[in-house]
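Trainee: Right, I'll just put the structure down here and ask away after.
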Amino acid sequence: MEHVAFARDKVIDTVADLLLTYNVSILGDQLNKQSAGDWAKVILQVGFLFLVSLALLVQQIRRFGKGPFEERVVHEVDANEEAVDVTIQWCGGCGFQDAYEATEKLLTEKYPRKVRIISRRDADVTGNFEVTVNDYLAHSMRTKRQGFVHNQPARQKAIFAAIDVALEELHEKES
């Protein structure tokens, strides 16, 4: 979903332009009204407004993609079986549920007794669709621009390879 990242970037650019235009117009108005001796005061006021605007913008940028989420184990293995943790984080507000379910099915069919699948559904619109294998980010739609997994055999192979490596590491620890 590259359009989500593009839309986010467009919104950020627009807000930044509006804040800059607003602060410059305030500065112009203040300079026209003030005498030369009051310029320092005007510059401090406008500087303060600019810093507040910048802080609000940074807050919005940081908030994007980091909303609350619902996490649950959807595929558990037997307690005496060693398993790899696979977390699928997906955007609940973007309509990604079908892609999530297809990816979950793909992984449970390929590794029925080897993976513990954890669903992490973002409550906000985040654009996330990530697959993490034992803390290794194997796939990311938002940060790596990789799209969905269920309809891309090359992405499936990369995730399968990450799971296979994690399983080999488990077997090495056991022996």
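Trainee: Counting other Cβ atoms within 10 Å, keep those with at most 13, restrict to DSSP loop, and tell me which trypsin sites (Lys or Arg not before Pro) in segment 88-135 are left. Kindly include the intermediate steps, with their values, before the conclusion.
Mentor: Numbers: sites: 105, 110, 113, 114, 116, 120, 121; in loops: 113, 114.
For trypsin sites (Lys or Arg not before Pro) across segment 88-135 that sit outside H, G, I, E and B with at most 13 neighbouring Cβ atoms in 10 Å, the list reads 113.
Trainee: Next question, about the same structure. Between residue 152 and residue 136, what is the label-to-label distance in nm when each label sits 7 Å out along the Cα-to-Cβ direction?
Mentor: Computed distance between label sites residue 152 and residue 136 equals 1.8 nm.
Trainee: Moving on to the next point. Can you give the extra length, in nm with one decimal, that the chain gains between residue 80 and residue 98 once fully stretched, where that is 0.36 nm per residue apart less the Cα-Cα distance? Intermediate values should be presented prior to the final figure.
Mentor: Numbers: separation 18, 0.36 × 18 = 6.48 nm, distance 3.16 nm.
Using 0.36 nm per residue and subtracting the Cα-Cα distance, I get 3.3 nm.
Trainee: Per 0.36 nm of contour for each residue apart, how much would the distance between residue 161 and residue 71 grow if the chain were fully extended, relative to their Cα-Cα spacing?
Mentor: Here the segment from residue 161 to residue 71 would lengthen by 29.9 nm.
Trainee: Now for a separate question. Which one of 149, 166, 137 has its Cα pushed farthest toward the positive end of the charge dipole of segment 119-175, where Lys and Arg give +1 and Asp and Glu give -1 at the Cβ?
Mentor: The listed residue farthest towards the positive side: 149.
Trainee: What are the ³J(HN,Hα) couplings of segment 160-173, residue after residue, when phi is run through the Karplus curve with 6.51, -1.76, 1.60 and θ = phi - 60°? Round to Hz, x for glycine and proline.
Mentor: Per-residue couplings from phi come out as 4, 4, 5, 5, 4, 4, 5, 5, 4, 5, 4, 5, 5, 5 Hz.
Trainee: Within segment 129-167, which residues have the backbone N less than 20 Å from the label spot 7 Å out from residue 113 along Cα→beta-carbon, could you tell me?
Mentor: So the set is 163-167.
Trainee: Residue 123 to residue 143: extension gain in nm, 0.36 nm per residue of separation minus the Cα-Cα distance? Working shown, then result.
Mentor: Working: separation 20, 0.36 × 20 = 7.20 nm, distance 1.85 nm.
Roughly 5.3 nm would be gained on extension.
Trainee: In the structure displayed, which of 114/173; 144/173; 114/157; 105/157 lie more than 20 Å apart, Cα to Cα? Could the numbers behind the result be given before it?
Mentor: On the way: 114/173 15 Å; 144/173 31 Å; 114/157 16 Å; 105/157 15 Å.
Pairs exceeding the cut-off: 144/173.
Every number in this text was worked out from the coordinates using simple rules, so none of it is lab data. Everything numeric in this text was worked out from a predicted model, so none of it was measured. All Cβ positions, even for glycine, are placed from backbone atoms using ideal geometry, and neighbour counts span all protein chains on display.
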